[in-house]
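Scroll down for the structure; my scribbles are underneath it.
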Amino acid sequence: FPSHDIKAITSAERAHLQKVKNLPCSVCNAPPVCEAHHIKQQSHFTTVALCKGCHNSLHGTKDIWRVYKMDELDALAVTIQRVIANT
């Protein structure tokens with residue numbers, strides 16, 4: 001198996017993650033502070049702002065995601081729009 005070394009997080013990635021965590025939930029609009037859900041592990045720029053409930057639902061039954069008719073890419077688009085709007 002190829003080695004997948006975990007690289008150190010850069011200052012730009014750390015700053016982006018903090019911006020994401022300070023956004024409302026990208027699924028249900030719960031107020032900040034949110035968790036940064038990584039769509040792809042170790043890809044810190046593809047993170048979604050999720051409240052604890054939506055984050056737990058994503059890793060469980062995904063019921064809340066069905067209610068809002070969203071998937072991870074829809075939530076990523078919301079997160080990106082909000083990060084840009086707040087810069």
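Structure above, values below:
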read-out	value
Ala77/Leu17 FRET efficiency (R0 25 Å; Cβ-Cβ; nearest 0.05)	0.90
Carbon + sulfur, % of accessible area of the chain - ligands and nucleic acids excluded, 1.4 Å	59
Of the trypsin sites (Lys or Arg not before Pro) in region 39-79, those whose Cβ has at most 10 other Cβ within 10 Å and which sit in DSSP loop	Lys40, Lys69
Estimated Rh, region 1-80: Kirkwood, alpha-carbon pairs, angstrom	13.0
Estimated dipole of the chain in Debye, rounded to 20 [Cβ of Lys and Arg +1, of Asp and Glu -1, Cα centre]	140
Calculated [θ] (222 nm, deg cm²/dmol) that DSSP helices of n ≥ 4 give over the chain, each run adding -39,500 (n - 2.57)	-12000 deg cm²/dmol
Cα-based helix-to-principal-axis angle, 72-85 vs the chain, degrees rounded to 10	80
Accessible surface, per residue, of the chain when the full set of protein chains is kept, probe 1.4 Å, Å²	66
Listed residues His38, His59, His16, most fluctuating in the chain (Gaussian network, C-alpha, under 10 Å)	His59
Charge sum, other residues only, whose C-beta stays under 14 Å from Cys54's C-beta, Lys/Arg counted +1 and Asp/Glu -1	0
Degrees, to the nearest 10: 11-21 long Cα axis against longest axis of the chain	10
Cross-link partners of Lys62 among lysines (Cα-Cα below 28 Å; sequence separation of 8 or more within a chain)	Lys19, Lys21, Lys40, Lys52
Neighbour net charge for Val33 - beta-carbon separation under 15 angstrom, K R +1, D E -1	+3
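The values are calculated or read from the model by the stated rules, or taken from the named source; none is laboratory data. Everything quoted here is computed from the prediction, not taken from an experiment. Because the Cβ atoms are built from the backbone with ideal geometry, glycine has one as well, and the counts that use them run over all protein chains shown. All accessible areas refer to the heavy atoms of the entire protein, side chains included, with ligands and DNA or RNA removed. Shrake-Rupley method; radii C 1.70, N 1.55, O 1.52, S 1.80 Å.
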